[in-house]
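Heads up: the structure comes next, in structure tokens.
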């Protein structure tokens, strides 16, 4: 191994600069940490179960929440004129939480069994969602069954518009 | 065919274990024959991986639905293009694609550096083959692509129609090429430590490979954003989704490395730091795959179910532990040759740059991992959404942009305030004027004004830098003004390539700020023939048209669009219903009319019984700048990557010397 | 395809590759060696040469940048003179060691005939400085 070393030529006296760099580094790190902590404090959201949403509803009102649950497909209503999607989330025990989502229905919504909704609970126990996450298809591996058939058309569209053969 | 593929993967695994060991011990014990054999094994692995890849491709094309992967990725009537590219649509196939890419990189490194650094290269290849071992273990034992079903399905599921989009097809290969690419600089770094040759050679030889990986990763993210914007219909291109974050993290650390390695080249400092950065960048690329493939983000419990996650975690642990132990052992070789002189110098700016990049990375990391960390610590999953990232990373990015405006103005080592001032003040004045003008024309959100001020400052700094360099070049060479400009860039490719990248980042930021803060959204319902005004635009809905083909039904709703009096054209947002997909699937086809200053973006949300249609319309300012900035960024990378003739001359000279020594050795032995 | 045919093809491919891979080892004992691939372990001169050449390159780049910085007004005359002298002194040292290393060895890659280029100019300047120091006893 060859390392080439030089005699450091004298270019004037070198003051104690190291301390300056150390202090600067510490200040930078502390401010980044403070930013992160502040962000966590003000932007944290909680995962809750349906049971918690029902039993501790009052305590959770106004907090950022996220629920991962099954959609009751029967309850889905999509008002395309006003763009309001309403549905119920259900769990195994049959507990239900109604959800309102004032936005366009996500493409995979009708297809996915469970969804993640993000938003807040209001005083009436209705979950007002700002965001619905359906599982992204690239991460989504389905079971393959022989002879699967498509179900009825869940399109928010009058079926008479579609020609029956093409 | 599946048998050949299966055997190939098994053989490739055996060969990769052999190649790792042969190259390592060949280099250690100085056995040229063993090294030669290891190099041949590396070629063999590439052949076997290619055979396995082609075998799977063949099975996809002939649609052998008995193979589980084929049944999942293709279906009767799916366009051939999407069947061929469907190979990287799922887990097994994408891992197979991954090892193929790694093989190509390894062959590339072996070929490009066939006559370079004979002490270093066997170790480089050994480390790359070690990474190969890991992926082949996963492919053979956890995610076998050639597994057969015990029945033959009538039809396959096919590639999800959402993913059937050209950008989405090119998105994974680019991301993977980026992820895999970071193996190369990592392997060079480890080889430097293993061989004890920690001098300038590995840095010089690996620099361009780092840029290649970095560029592919950026291109992958760009295509992902482009796809989200044009396909998903929520009017945005970046959502701080864990999958996006997974590719952003190695990119950020890679960027930090690209900057700080310049300090090592120029000043012989930051050697240990650079090692840490490249280890981190590599581990993060593996970690990115782990995040997206293991299901750990959905729940820790899902993670326990999928065995692929455990493999990745073990590999990451081994890599980190091994790399750090090796680094610790070789610390004496990595002594800094010099010390930081002054806070007002380019190297000090690079240091701050590194701290900021690490800070942003840590923010992204923490935000992405927070649900997992909080579940482990408190048993409750707490998560943070985009507001967290915007709140924390936003200010850091602004500071970074400000620094980006200052850094290039500072010389190496030191300068005095009097000289720094002369360069910093004009951009500051420009920024202040810009802020006042923005305020006067009605931009009243202080955060936007400040952000554009910072962008203006950095942009002015860079343009001045180009201008001053151009003037100096003209004075020196006396060339034609236009020629002098190109001479300036050609003679300082790395520096000005880097500046072009910076300008790309600035353009991109202009677009991001505009589209983030000034997006307008309206919902409208129009009867056939009805007209309405949206901002300065006028839209008229014609009539819904239905159609049907082999795999989907479509309802299209053509709209005429005017801006003021000017007719802009017809937009056709539509809704597709893919009835072949199990359970059926809806897909929104967005229609966008893009211009330099804003995008008119229409999503059809539904057609009603009375024939009217409801639309969600986004007016997104400056989105085109995001794409333009990204392209400029890629162009700058390309300029910086272009071979430097002086460096080539040195490498040429070293190769010639090696060759002459070798022939000398050959004659003395004969 | 019949199962046994595909298995046979696969195994054939593997066998062929194994043969290809072990061949260099089987020839290991023979003279002259077919793979004169590694230099003498004690000979680190190529590595040293590489280090020196890269250092020279970095120093020339630094000198070039320094000139640019001066012309663009980023540093003052005084800083420039001090740093310029410093880099030159280092470049001289590197060039001297390169000379030592290459004693009796022909210059393999002649420098390009781009005499007007900036790099060449700096190189010549450093060369002059070097001759001046080597002719005067230190």
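Just so you know, all these numbers are worked out from the coordinates, no wet-lab data involved. Since this is a predicted model, take the numbers as computed values, not measurements. In this analysis, Cβ positions are derived from the backbone assuming ideal geometry, glycine residues included, and neighbour counts consider all displayed protein chains.
Here are a few things to note about the model shown:
- Across the stretch B:233-293, Cα-Cα distances exceeding 14 Å account for 60% of all pairs.
- On full extension, the segment bounded by residue B:441 and residue B:660 gains 71.8 nm, given 0.36 nm per residue less the C-alpha separation.
- Stretchable slack from residue B:530 to residue B:137, in nm (0.36 nm times residue separation minus alpha-carbon distance): 135.3 nm
- Taking the centroid of alpha carbons for each part, the stretch B:405-461 and the stretch B:524-556 are 46 Å apart.
- Counting only other chain Cβ atoms within 10 Å of each residue's Cβ, the peptide C:8-14 averages 6.
- Annotation: average projected area of the stretch B:93-156 is 5.5 square nanometres, based on the convex hull of Cα atoms across all directions.
- As a proxy for reagent exposure, B:466, B:287 were ordered by neighbouring Cβ count within 10 angstrom, fewest first; the result is B:466, B:287.
- In this structure, residue A:41 and residue A:123 have a Cβ-Cβ separation that, at R0 = 30 Å, corresponds to a calculated FRET efficiency of about 0.75.
- Expected-Rg normalisation [2.2 N^0.38 Å, Cα atoms] applied to the stretch B:520-621: 1.10
- For the stretch B:61-111, projected area of the alpha-carbon convex hull averaged over all directions, nm²: 4.0 nm²
- Once the chain from residue B:597 to residue B:568 is taken as fully extended at 0.36 nm per residue, the excess over their C-alpha distance is 9.0 nm.
- Estimated distance in nm for a label pair at residue B:380 and residue B:272, the labels positioned 7 Å out from Cα along Cα-to-Cβ: 4.1 nm
- 20 Å tail of the calculated P(r), the stretch A:46-141, as % of Cα pairs: 31 percent
- Residue C:22-residue B:54 FRET efficiency (beta carbon distance; Förster radius 25 Å; 0.05 resolution): 0.45
- Across the stretch A:46-141, the mean sequence separation of Cα contacts (distance under 8 Å, 6 or more residues apart), normalised by length, yields a relative contact order of 28 percent.
- Base-10 log of normalised Debye intensity for the stretch B:155-236 (one unit scatterer per alpha-carbon) at q = 0.11, 0.17, 0.24 Å⁻¹: -0.45, -0.72, -1.02
- Residues residue A:55 and residue C:9, FRET efficiency given R0 of 45 Å [Cβ-Cβ distance, rounded to 0.05]: 0.10
- Computed from the alpha carbon atoms alone, the convex hull of the protein assembly as shown holds 192 Å³ per residue.
- Mean Cα-pair separation over length for the stretch B:154-306, i.e. relative contact order, pairs under 8 Å, 6 or more apart, %: 25 percent
- Separation of the residue B:336 and residue B:66 label points, Cα + 7 Å toward Cβ, nm: 6.5 nm
- Put simply, the C-alpha atoms of chain B give a gyration tensor, and the ellipsoid matching it has half-axes of 43, 38, 22 Å, longest first.
- Within 10 Å of each Cβ in B:603-609, the average number of Cβ atoms from other chains: 6
- Summed over qualifying helices (DSSP H, 4 residues or more, each -39500 (n - 2.57)) and divided by its residue number, chain B shows a 222 nm mean residue ellipticity of -22500 deg cm²/dmol.
- Cβ neighbours within 10 Å from other chains - mean over B:393-399: 2
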